[in-house]
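Taken together, the values in this text are just the output of simple stated rules run on the coordinates, not laboratory data. Everything quoted here is computed from the prediction, not taken from an experiment. Here Cβ is always computed from backbone atoms with ideal geometry, including for glycine, and neighbour counts include all displayed protein chains.
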Amino acid sequence: MKSIDTRRCGPKPETVAKYAEAVSLYASTGLSCRRICLMCGVSESGFTAYLNRHRRDLLLARYGHEADRQAAKEIRLWKRTGQTPQAHKKYIGAVQACDNEEYIGCNVSQIAREFNLDGPALANQLRAHYPEIPVRREKERRRLCINDNQQRGARPQSVTAYAAAIEMLRDEGCTIRRAAEACGVSYSGLKQHMLFYHRELAEMRRSYSRKAADGRPRSRKKTAGNARRESVSGKYAPAVSLVSDRGMSVAAAAAECGLNPESFRSYLHRNKPELALSSGMAVRADGVRVLRRSAEKYAEAIRISETTAEDLKSIAARLGLTYNSLSSFIRRSSPMSAARHKEHLLSGHNGVENEV
């Protein structure tokens, strides 16, 4: 009998209850996911994943797509390429102004400032998603004799610099980075030049990528991820053994194995949280778990405090310790020591242990 994949049967009742308030706010207000999550005390990544998987109807409705919960599962909100809904909403007013005769006397930067936008960002949106508008604007400005004689489109020197790399990119097996390195040009510059001025080449390369993805085994990415995890696990394995078997502190184990202490500590908290919490801990005779180095550091001060009525500040000063740290450690880890010290005070024995 086949086992049922519970992940396909909808969210768990406790998950629904957990996000119920956040879902209600998302449906009834225009607040951002981040604001809603802060108000409801839930994880932003978890809430957005919950919306995308189980309440796509609400997610689509926010971006102007009406569909019932069943049909919403088949609608893709974001395309693999092209302008995102957020960018469209942000720039559409300025884009329409760029194509409006009332703004023909303004350049793109001036229009961007009018709409509180960044000039280069608006220009990039026009080149990438509305390439006909800059051409139409420039032609009309020249007809009206109000053009500023600035270069529009691909600069001649850029065309020359990227020509060889563009030809290499017509080969299906050549990557953008490899072409950039072979021709001695900027990777990001070449990529942007191709997207802006060779759109047919960019689309052709996307079709190559889609074909390759269709024929690629689905387990390949997962296997690669497993290999990386195994490599990281092997890197930290000796240090983990030192912490778990020999009781060494995280910093000492990292130094012993030549690792970065913070990186090793982060690895422990992500992958071995119980060991991270217990690392460097020791169990005293009374069964209390304490940090080993702290127990060793304050042992003599605690012994003196338990056997005499000497003031704790005096003990700390005599042994070169910080009073606040010593007092905090005794309150947290040795409350009986504080009680014994109080008994000495009440008995009237105010003697101070003689220094050897």
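Peptides 295-302, 182-189 ranked from most to least packed, by the mean per-residue count of other Cβ atoms within 10 Å: 295-302, 182-189. The stretch between Thr160 and Thr48 holds 35.8 nm of extra length on full extension. This uses 0.36 nm per residue minus the Cα-Cα distance.
With r as the distance between the Cβ atoms of Ser186 and Glu102 and R0 = 45 Å, compute the FRET efficiency 1/(1 + (r/R0)^6) and round to 0.05.
0.75
When each of the peptides 88-101, 315-328 is scored by how many other beta carbons lie within 10 Å of its residues on average, the order from highest to lowest is 88-101, 315-328. Remark: the Ser347-Ser231 segment gains 35.5 nm on full extension, using 0.36 nm per residue and subtracting the alpha carbon distance. A straight chain from Lys313 to Glu132 at 0.36 nm per residue would run longer than the Cα-Cα distance by 57.3 nm.
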